[in-house]
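Contents: one structure, followed by commentary.
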């Protein structure tokens, strides 16, 4: 069962999204109206997927996405927003989003994005700009057992990049990258960084 949290500051749209997801056989376990609420909800009970608006008062969707993904690497975030410009898409992907769909898209695209994110795949809806550098930075397909963001860190780790270089490439803080590297080592069963690099290269 895929557990979802829906985040949007417009109650009518949020409730409509909940109805759409529920009718599609998905389970919405919580709602939030701001980025701060989303972070708190996920801290209490991390879901499988968060549907995140970008333009909200207080903590914005991009910042909330980065915090949630960093704290809960197994939680995927799908952005559902009015913004369809490349800079917004790039910022969301760099923050760790696994999907991006505009609110004007066909409802089926939102459901497809959620299902793809739950399986660890990247989904960009119709009409959404493809910022190639940001997509490349996330690596190709995630390694088995790793979330999309963990897979991106692992891929860059396998290329021999330092934590500082990975942080600069993905637009994350050094501390966040260090946490991801630690998680990647654990999930790969690697004793140290060198072994993790070997495992990543062997799996490619």
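The relative contact order of the chain, computed from alpha carbon pairs under 8 Å that lie at least 6 residues apart in sequence, is 14 percent. The gain in end-to-end length when the residue 1 to residue 186 segment is fully stretched comes to 64.1 nm, 0.36 nm per residue minus the alpha carbon separation. Each of 199, 166 has some number of other Cβ atoms within 10 Å of its Cβ, and from fewest to most they run 199, 166. The calculated FRET efficiency for the pair residue 44 and residue 74, based on their C-beta separation and a Förster distance of 22 Å, comes to about 0.90.
Which FRET efficiency value, to the nearest 0.05, do you get for residue 178 and residue 203 by plugging their Cβ-Cβ distance into 1/(1 + (r/R0)^6) with R0 = 22 Å?
So the FRET efficiency works out to roughly 0.50.
Full extension of the chain between residue 193 and residue 85 gives 35.1 nm of extra length, using 0.36 nm per residue less the Cα-Cα distance.
Axis of helix 107-118 versus longest Cα principal axis of the chain: the two differ by about 30°, to the nearest ten degrees. Sorting 83, 13 from the fewest to the most surrounding beta carbons within 10 angstrom yields 13, 83.
Angle between the Cα long axis of helix 86-95 and the longest principal axis of the chain, 0 to 90 degrees, nearest 10? Value to nearest ten degrees: 60. For the chain, the longest principal axis of the Cα atoms and the long axis of helix 148-158 meet at an angle of about 20 degrees. By definition, a body whose alpha carbon gyration tensor gives a ≥ b ≥ c is rounded when a/c is under 1.5, and region 3-133 falls into this rounded group.
Bear in mind that the values in this text are calculations on the coordinates, not laboratory data. Keep in mind that what you see is a predicted model, and the values were worked out from it rather than measured. Because the Cβ atoms are built from the backbone with ideal geometry, glycine has one as well, and the counts that use them run over all protein chains shown.
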